[in-house]
Amino acid sequence: MFPKASPSELQGLLVLINEHKGTEDVARLADDLDLEIDEILPSLDYAETLGLVKVVDGRATLSDTGRKMLSVSIRERKTILRDLLKKTTLFKTILRALESAPEGKLTEDDVQRLLAFTTAPSDSYVLNIINWGRYAELFRYDSDEHVLVAVRSRVQGRSPPSSPPSAPGSPGARVSPTADNPVSDASNSPRDLAHPASTVAA
Amino acid sequence: MALIEVRDIKKDYPSHHGTISIINGVSFEVADSDFVAIVGPSGCGKSTLLRIIQGLERASSGEIRFRERLVDTVSNEMAMVFQSFALMPWLSIKENVAFGLTARGWTPEKIASQVDRYISVTGLVGFEEAYPRELSGGMRQRVGLARALAVEPAVLLMDEPFSALDALTAEGLREEVLQLWRDPDLPPEAVILVTHNIEEALLMADRVVVMSHRPSRVLAVVPVTLPRPRDRKSEAFYELTDYLYSLITEGSPPLSAPAKPVASEPPPAGPGDLQ
Ligand SMILES: Nc1ncnc2c1ncn2[C@@H]1O[C@H](COP(=O)(O)OP(=O)(O)OP(=O)(O)O)[C@@H](O)[C@H]1O
Ligand SMILES: [Mg+2]
């Protein structure tokens with residue numbers, strides 16, 4: 001199940017709970033923002049799915065990870081989110097497909113097809129999933145071609161010497177703007193992505 | 001020494017019936033590391049005042065000083081974030097962030113490294129090549145923020161920056177702005193936030209400048225010393241909220257006798273709504 005919420009809303013929810021010293025009635029949280037409960041439920045559900053919040057008897061409490069997330073910088077929050085998303089079946093499936101896909105690319109239709117096994121997603125559903133993955137830097141997205149691109153290609157042609165030589169073919173040799181290296185493991189150097197020095201773009 | 005001094009600013013506009021006074025003598029100071037919120041009814045000249053502070057617009061009288069120096073042209077030490085985000089739809093996120101930097105005479109290398117840095121600190125990595133239309137409101141305002149911060153301003157001027165966002169997103173972004181403001185390694189040093197939302201002012205600011213209906217003046221500068229993060233259901237928060245509302249309602253012209261015969265004057269706002 002995937003929320004109709006955005007990463008920004010999820011983080012807003014965590015901030016809101018934190019204003020209540022980390023635990024509060026869901027109804028009261030909604031009331032704080034003059035919202036109906038069902039307007040914060042998508043964010044709340046997904047926060048729970050990711051293990052950032054626990055909800056018991058209508059009361060939401062930040063987990064250790066949730067608290068941790070609020071104590072770090074905006075940049076580091078994305079790293080935490082990435083690690084959490086990577087453990088979900090949904091993103092595991094997408095990343096696996098992305099690894100095996102020709103040129104490390106998946107179309108929106110491919111994503112839709114992947115999801116069709118378990119759900120009946122709408123268009124916006126797919127776009128929202130893409131948005132989350134993109135925000136968490138699990139993959140890149142080429143909006144001209146509507147394709148997901150494996151993250152390894154972020155370091156296209158500028159791969160630092162220290163990066164593990166895991167991908168078949170030489171990532172260092174490619175310089176095309178929508179670099180198309182096959183990626184063997186999108187997750188083996190997540191730190192690269194968070195590090196500003198390695199995100200110099202094309 | 002104050003970081004910014006706003007000294008007896010007045011602003012008039014010519015009209016058919018002579019001049020209309022919008023701002024009628026506003027003074028306050030912004031200290032180093034200060035977070036000042038400006039609240040006031042719609043049309044009282046908040047946006048105009050911000051533009052005057054940055055040097056984008058001239059006051060009819062009075063002066064702005066930044067570190068004691070007169071601001072008589074657009075200040076490089078300040079940058080603005082807008083309610084409408086004000087992004088160029090035909091530019092990528094990266095290019096939007098770089099937009100204000102080209103005028104600074106920096107080398108392309110310096111510009112590129114500034115852009116990367118502020119894309120990173122605002123959480124926009126992954127969207128460098130995206131266009132504004134691909135982004136949610138929250139992400140768009142991060143671009144607005146990155147663009148403003150990339151010039152490394154001492155003072156960030158924010159004109160209702162959260163009003164166009166949904167409530168949860170605004171809640172998250174407010175905290176991110178506070179985080180950036182508090183970080184000694186990152187700009188800005190001080191923030192001036194214009195908002196019509198008293199609760200938002202009290203959630204964020206060290207001090208709240210309360211402006212009257214136009215022709216506006218300062219009704220009060222209210223210090224906010226509540227511990228952060230602020231609990232809006234605490235008694236102290238309620239008391240301050242009530243106090244600010246009472247200031248604004250008492251400071252409003254009575255319904256029957258507008259202070260100035262200005263035809264377009266909106267009716268005075270009731271408590272709870274400054275719009
Ligand atoms: N160039 C101009 N000529 C004449 N009047 C102007 C001009 N610019 C602004 N005004 C008027 O000055 C008043 C103050 O405008 P301003 O936008 O600064 O108010 P504000 O407090 O920011 O309002 P809001 O809460 O709606 O954002 C408005 O009534 C506006 O119509
Ligand atoms: Mg305004």
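The values are calculated or read from the model by the stated rules, or taken from the named source; none is laboratory data. Just so it is clear, the structure is predicted and the values come from calculations on it, not from any experiment. With ideal geometry, Cβ positions are generated from the backbone for all residues, glycine too; neighbour counts draw on all protein chains shown. Ligands, DNA and RNA are stripped out before the accessible areas are found, and what is left, the full protein with its side chains, is counted by its heavy atoms. Shrake-Rupley method; radii C 1.70, N 1.55, O 1.52, S 1.80 Å.
Phi angles across segment B:216-232 convert, under the Karplus curve 6.51 cos²θ - 1.76 cosθ + 1.60 with θ = phi - 60°, into 3J(HN,Hα) values of 7, 9, 8, 7, 5, 10, 9, x, 10, 10, 4, x, 9, x, 8, 9, 6 Hz, Gly and Pro given as x. Normalised by the number of residues in segment B:4-250, the mean separation of alpha-carbon contacts (under 8 Å, six or more apart) gives a relative contact order of 26 percent.
When you restrict to C-alpha pairs under 8 Å that are six or more residues apart and normalise by the size of segment A:7-70, the relative contact order lands at 38 percent.
A straight line joining the Cα centroids of segment A:92-115 and segment B:62-87 runs 48 Å. What is the angle, in °, between the Cα long axis of helix B:235-251 and the longest principal axis of the Cα atoms in chain B? Nearest 10 is fine, range 0 to 90. Orientation of helix B:235-251: about 60 degrees from the principal axis. Classified by the C-alpha gyration tensor, segment A:7-70 has a rounded form. Its axis ratio a/c, with a ≥ b ≥ c, is below 1.5. Partner lysines whose Cα lies under 21 Å from the Cα of A:Lys92, excluding those fewer than 8 positions away in the same chain, are identified as A:Lys4, A:Lys78, A:Lys105. Rolling a 1.4 Å probe over the protein heavy atoms leaves B:Arg117 with an accessible area of roughly 90 Å².
Per-residue SASA remark: B:Met1, around 140 Å² accessible (1.4 Å probe; ligands, DNA and RNA not included). Kirkwood analysis of segment B:37-196, using all unique Cα-Cα pairs, places the hydrodynamic radius at 16.2 Å. For chain B, the solvent-accessible area of protein heavy atoms averages 42 Å² per residue (probe radius 1.4 Å; ligands and nucleic acids excluded). If a paramagnetic tag sat 7 Å from the Cα of B:Asp72 along the Cα-Cβ line, which residues of segment B:6-39 would have the backbone N under 20 Å from that point? Correct set: B:6-11.
For segment B:208-236, a reduction of at least 30 Å² in accessible area between the chain on its own and the assembled protein chains (probe 1.4 Å) is found at B:Pro229, B:Asp231, B:Arg232, B:Lys233. With a Förster radius of 56 Å applied to the C-beta separation of A:Arg59 and B:Glu63, the computed FRET efficiency comes to 0.55. Mind checking the angle between helix B:108-121 and chain B's longest principal axis? C-alpha axes, 0 to 90 degrees, to the nearest 10. Taking Cα atoms only, the helix is inclined about 70 degrees. If contacts are Cα pairs under 8 angstrom and at least 6 residues apart, what is the relative contact order of segment B:123-217 in percent? Relative contact order comes out at 27 percent.
Within segment B:112-187, none of the GluC sites (Glu not before Pro) combine a DSSP coil assignment with at most 15 other C-beta atoms in a 10 angstrom radius. With a Förster radius of 22 Å applied to the beta-carbon distance between B:Asp32 and B:Leu56, the computed FRET efficiency rounds to 0.45.
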